[in-house]
Amino acid sequence: MTIVVGTSSWSDPGFVEHWYPKGLSAKDRLHFYAERFDAVELNSTFYAIPATSTVEGWAATTRDGFRFDVKLHRLLSRHASQLKELPKDLREDAETNERGRVLLDPGLQDEMVRRTMEAMKPLADADKLGAYLLQLTPAFDPRHNQLDELAPVIDGLSPAPVAVEFRRRSWASQKRFEGVLDWLSAHDAVFVCVDTPPGDHVPIFPPIDAVTNDALAYMRCHGRNTEGYLHGRSVAERFDYDYSDEELEEIAGRVRALEDEADEVHVMFNNNARELAPKAARGLRTILGQDPGPEP
């Protein structure tokens, strides 16, 4: 299967309340999810590097061929991070600014990359590691930042591919975007295509499709709720959007075009309000002619 569809998390509170069967235990949710999808984005890894034993459990719980795309820690993607979000033994030596935010230095970055790879080794050994996802903060701005800043992360995680999602619109400007794609290609990184709300606001990246690594194309679908995306205070508010069949057909067309250029395409739905992400993902699988699995 060259088009792999999933959601951005399997344990989102909305899923638990509205999608999983009532009374299903937490330990059984991943197995239930993997009966219906071929991949998932690990979202908890954005907040903390998990214990190896936890990752071993994920690998053991899922069937052969299932893939995990691992969202990199918020510190590596340049989001504001607190000391409590670092591994305990790294907190004492880490420097912070006047607001208590961790300052990312080369040594800390290299160690976070090393520990991420170490933690995910059970997935790699089981051939269940897909890509690492580097979801950049909108504050990563071409006026102040250089793409070369990301090279130690991308190169350090090799040979696993790193999919880079930009969340600042100016990276897609006419004068800059071709250079962005060239840089990603030179580092075997994967450009993350997005389905986003309409609007030309700074944090809304336009829906441009491109393939920078022949092995993998990647698309994330955030819904089309502009007001929620810009001003929502919770995940459920920001990504509250119910894709119509017509919109899923449109996404399917984009995905098929990516399939023509890449060996595999990962499509992840991030409209994580209530049951809307798994609903959309199963809808897309049906449109693509895939078996969406048993009804939840």
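The values are calculated or read from the model by the stated rules, or taken from the named source; none is laboratory data. Computed from a predicted model, the values in this text were never measured in an experiment. Cβ placement follows ideal geometry from the backbone for every residue including glycine, while neighbour counts extend to all protein chains displayed. Areas reflect the complete protein model, heavy atoms only, side chains present, ligands, DNA and RNA absent. Shrake-Rupley method; radii C 1.70, N 1.55, O 1.52, S 1.80 Å.
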> Taking region 84-118 as the region of interest, how many residues are out of contact with any strand residue (DSSP E or B) (no Cβ under 8 Å at 6 or more places or on another chain) and closer than 12 Å to residue 157 by Cα?
Replying inline: 9
>> For region 225-241, check the following and say yes or no: at least one residue is touching a Cys at 6+ places or on another chain (Cβ under 8 Å) and within 19 Å of residue 41 (Cα to Cα).
In response: no
>> Please return the ranges of strands (runs of 3 or more DSSP E) entirely within region 181-276 where 2 or more residues are without any contact (Cβ under 8 Å) to a residue 60 or more places away in the chain and open to solvent by less than 50 Å² (accessible area, probe 1.4 Å).
In response: 190-195, 216-221
> Of the residues that sit in region 163-180 and are closer than 25 Å to residue 41 by Cα and outside any helix (DSSP H, G or I), which one is farthest from the chain's Cα centre (by Cα)?
Replying inline: 168
> Based on what the data block shows, is residue 295 modelled with pLDDT under 95, among the acidic types (Asp, Glu), open to solvent by 30 Å² or more (accessible area, probe 1.4 Å) and under 19 Å from the mean Cα position of the chain (by Cα)?
Replying inline: no
>> Every residue in region 113-162 that is open to solvent by less than 50 Å² (accessible area, probe 1.4 Å), of a type in the set (A, V, I, L, M, F, W, C), more than 30 Å from residue 230 (Cα to Cα) and part of a helix (DSSP H, G or I), please.
In response: 113, 119, 123
